[in-house]
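Engineer: Have a look at this one.
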Amino acid sequence: MKISTLGAPVALLAAAALTLSACAANEGNPGTGSTGGTTAASTLAGKGSSAMAAAQQKWIADYQSANSGVTINYSPDGSGAGREAFVSGAVQYAGSDRAFKDEELGAGKFGKCTAESSALNLPVYVSPIAVIFNVQGVKDLKLDADTLASIFAGRITKWNDAKIAATNSGVMLPDANITAVHRSDDSGTTNNFTDALHQTAPSVWTEAASDTFPAEFGGEAAKGNSGVVDAVANGTNTIGYADASAAKDLGHAKLKVGDDWLSPTAEAAAKIVDQSSTIPGRSEHDLALKLNRKAAGVYPAVLVGYVLLCEAYKDAKDAELVKSFIGYVASAEGQKSAAAAAGSAPLTSATQAKVKAAIDSIK
């Protein structure tokens, strides 16, 4: 199913694809980070992160409204699908909620890139992952790290368990089974969520971060952020995890960090980028981050979404359009637009400058 995003409601983001077509024209120079980019007829294809869908929808609508003759198609089929499509050369860019791993990088591995080119991982979307719940009679929920990990590991199975009750004084927790909902697909959201569990509750969640939820822990599986949200919303005594922008109408648990209880706000999520370092040993312009989820004041379940691009494209037109569009995405204007549409945390000016330098380096 294809959706025209110009004027399309955000509620339609659960569809399998977003197809966006051009409207009004503005003359300009490509690659400046402004919506006024190029008037040459051209098409750009992207695929990947469903968590990033609302932001992608807004970025593309903004860009196309200022650039005649440009068609940008983004299919929010999940981060794994996006990475696979970028590797195969089916798309010029991908959205992924995790960066390529070291072993996935290297010259000649990516269909749209030159034989000498590897891929770049550029952060453009920062958003909290909400722990969403739909529990009979419960409006507010607080979970410490070990308790949260124990729920999703299948060790805590009742809502009135003593460990949940200990951090929720005065809350009437039902004597009911917990249905923990996780992603069924290869998901960057799952990778970030399980990484948060592993970093903050390593004695309970001994598994390293993974794109696929460990099957041995049980629970209910649903595809995409929208699938998890629907399963939690339509189920009984359910809990799950999803990008906060996709789950505004459900309860959001507060997570314990030190002595504080933090909600999944953009402000609490944004701090993680400044508290984290880039992965060592990468090329100069690769900005993949090693996230520090235990820093004070940082909401731990944070998703950093990347665009995956070629260092050098086989087709010069692809390079020109990618630099122009992604330049807008990473600009102050683009980040502000996504924050308004999706509730994401804008990149800091320092990170914006690093991303711009990386985009400018693309050939």
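Engineer: Enumerate the strands (runs of 3 or more DSSP E) found wholly within the stretch 253-363, keeping only those where 2 or more residues are of a type in the set (Val, Ile, Thr). So that I can check it myself, show each step before the final result.
Structural biologist: Numbers: elements: 254-257, 260-262, 302-310.
Filter on the stretch 253-363 gives 302-310.
Engineer: Here are some residues: 269, 296. Which one is at pLDDT below 95, buried (at least 24 other Cβ atoms within 10 Å of the Cβ), closer than 17 Å to residue 196 by Cβ and of a type outside the set (Val, Ile, Thr)? Can you show your working first?
Structural biologist: Working: 296 fails: buried (at least 24 other Cβ atoms within 10 Å of the Cβ).
Checking each option against the conditions leaves just 269.
Engineer: Find all pairs meeting these conditions: Cβ atoms under 7 angstrom apart; at least six residues apart or on different chains; first residue within the stretch 51-69 and surrounded by fewer than 24 Cβ atoms within 10 Å (Cβ to Cβ) and part of a helix (DSSP H, G or I); second residue aromatic (Phe, Trp, Tyr) and modelled with pLDDT under 95.
Structural biologist: none
Engineer: Output yes when any residue across the stretch 196-218 is of a type in the set (Asp, Glu) and surrounded by 20 or more Cβ atoms within 10 Å (Cβ to Cβ), and no when none is.
Structural biologist: Yes, there is a match, as at least one residue in the stretch 196-218 is of a type in the set (Asp, Glu) and surrounded by 20 or more Cβ atoms within 10 Å (Cβ to Cβ).
Engineer: Of the residues in the stretch 336-363, how many are polar (S, T, N, Q), buried (at least 18 other Cβ atoms within 10 Å of the Cβ), under 16 Å from residue 302 (Cβ atoms) and out of contact with any strand residue (DSSP E or B) (no Cβ under 6 Å at 6 or more places or on another chain)?
Structural biologist: Looking only at the stretch 336-363, we keep the residues that are polar (S, T, N, Q), and these are 337, 344, 348-349, 351-352, 361.
Okay, now just the ones that are also buried (at least 18 other Cβ atoms within 10 Å of the Cβ), so 337, 344, 351-352.
From what is left, the residues that are under 16 Å from residue 302 (Cβ atoms) are 344, 351.
Next cut, out of contact with any strand residue (DSSP E or B) (no Cβ under 6 Å at 6 or more places or on another chain) only: 351.
Looking only at that region, the number is 1.
Engineer: Filter the stretch 73-99 for residues that are hydrophobic (A, V, I, L, M, F, W, C) and within 14 Å of the chain's Cα centre (by Cα); which is nearest to residue 312 (Cα to Cα)? First the steps, then the outcome.
Structural biologist: Taking the stretch 73-99 and keeping what is hydrophobic (A, V, I, L, M, F, W, C), we get 81, 85-87, 90-91, 94, 99.
Among the residues that remain, those that are also within 14 Å of the chain's Cα centre (by Cα) are: 81, 94, 99.
Details: 81: 22, 94: 15, 99: 18 Å.
My answer is 94.
Engineer: Of all residues being of a type in the set (Ser, Thr, Tyr) and within 18 Å of residue 193 (Cβ to Cβ) in the stretch 134-168, which is surrounded by the fewest Cβ atoms within 10 Å (Cβ to Cβ)? Just the residue, please.
Structural biologist: Initial filter on the stretch 134-168 (of a type in the set (Ser, Thr, Tyr)): 147, 150, 157, 167.
Retained after the next criterion (residues that are within 18 Å of residue 193 (Cβ to Cβ)): 147, 150.
Numbers: 147: 23, 150: 21.
Only one residue fits best here, namely 150.
Engineer: Taking into account only those residues within the stretch 219-250 that are touching a Leu at 6+ places or on another chain (Cβ under 8 Å) and assigned to a helix (DSSP H, G or I), which is surrounded by the fewest Cβ atoms within 10 Å (Cβ to Cβ)?
Structural biologist: Applying the first criterion (touching a Leu at 6+ places or on another chain (Cβ under 8 Å)) to the stretch 219-250 yields 226, 229, 232-233, 243, 246.
Pick out the ones that are also assigned to a helix (DSSP H, G or I) and you get 226, 229, 232-233, 246.
On the way: 226: 20, 229: 24, 232: 25, 233: 14, 246: 27.
Per the criteria, the residue is 233.
Engineer: Report the residue count in the stretch 251-266 for those that are farther than 21 Å from residue 135 by Cβ and crowded, with 24+ Cβ neighbours inside 10 Å.
Structural biologist: Residues flagged as farther than 21 Å from residue 135 by Cβ and crowded, with 24+ Cβ neighbours inside 10 Å within the stretch 251-266 amount to 0.
Engineer: What is the number of the single condition among (1) touching a strand residue (DSSP E or B) at 6+ places or on another chain (Cβ under 6 Å); (2) without any contact (Cβ under 8 Å) to a residue 40 or more places away in the chain that residue 271 does not meet?
Structural biologist: Failed condition: (1).
Engineer: So if I check each of 85, 115, 81, 99, which one is assigned to a loop (DSSP other than H, G, I, E, B), out of contact with any Phe, Trp or Tyr (no Cβ under 8 Å at 6 or more places or on another chain) and not charged (D, E, K, R)?
Structural biologist: Working: 85 fails: assigned to a loop (DSSP other than H, G, I, E, B); 81 fails: assigned to a loop (DSSP other than H, G, I, E, B); 99 fails: out of contact with any Phe, Trp or Tyr (no Cβ under 8 Å at 6 or more places or on another chain).
Going through 85, 115, 81, 99 in turn, just one is assigned to a loop (DSSP other than H, G, I, E, B), out of contact with any Phe, Trp or Tyr (no Cβ under 8 Å at 6 or more places or on another chain) and not charged (D, E, K, R): 115.
Engineer: Go through the stretch 184-206 and give me each residue that's among the β-branched types (Val, Ile, Thr), touching a residue at least 40 places away in the same chain (Cβ under 8 Å) and either more than 11 Å from residue 78 (Cβ to Cβ) or in a strand (DSSP E or B) (or both).
Structural biologist: Passing the criteria: 200, 204.
Engineer: Are any residues in the stretch 137-183 touching a helix residue (DSSP H, G or I) at 6+ places or on another chain (Cβ under 6 Å), assigned to a strand (DSSP E or B) and aliphatic (A, V, I, L, M), and if so, which ones?
Structural biologist: 180, 181, listed by residue number.
Engineer: What number goes with the only condition from (1) in contact (Cβ under 8 Å) with a residue 12 or more places away in the chain; (2) among the hydrophobic types (A, V, I, L, M, F, W, C); (3) surrounded by fewer than 18 Cβ atoms within 10 Å (Cβ to Cβ); (4) within 24 Å of residue 100 (Cα to Cα) that residue 316 does not pass?
Structural biologist: Condition (1) is where residue 316 drops out.
Engineer: Let me ask something else. Search the stretch 70-110 for residues being in contact with a helix residue (DSSP H, G or I) (Cβ under 9 Å, 6 or more places away or on another chain) and polar (S, T, N, Q), and hand back the single one that is surrounded by the most Cβ atoms within 10 Å (Cβ to Cβ).
Structural biologist: Going through the qualifying residues, I end up with 79.
Engineer: Kindly list the number of the only condition in (1) more than 30 Å from residue 253 (Cβ to Cβ); (2) under 18 Å from the mean Cα position of the chain (by Cα); (3) surrounded by fewer than 22 Cβ atoms within 10 Å (Cβ to Cβ) that fails for residue 309.
Structural biologist: (3)
Engineer: Let me ask something else about it. Within the stretch 160-183, can one find any residue that is free of Cβ contacts under 8 Å to residues at least 40 places away in the same chain and in contact with a strand residue (DSSP E or B) (Cβ under 6 Å, 6 or more places away or on another chain)?
Structural biologist: yes
The values are calculated or read from the model by the stated rules, or taken from the named source; none is laboratory data. The structure displayed is predicted, hence computed values, not measured ones. Don't worry about glycine lacking a Cβ; one is built from the backbone with ideal geometry, like all the others, and counts go over all protein chains shown.
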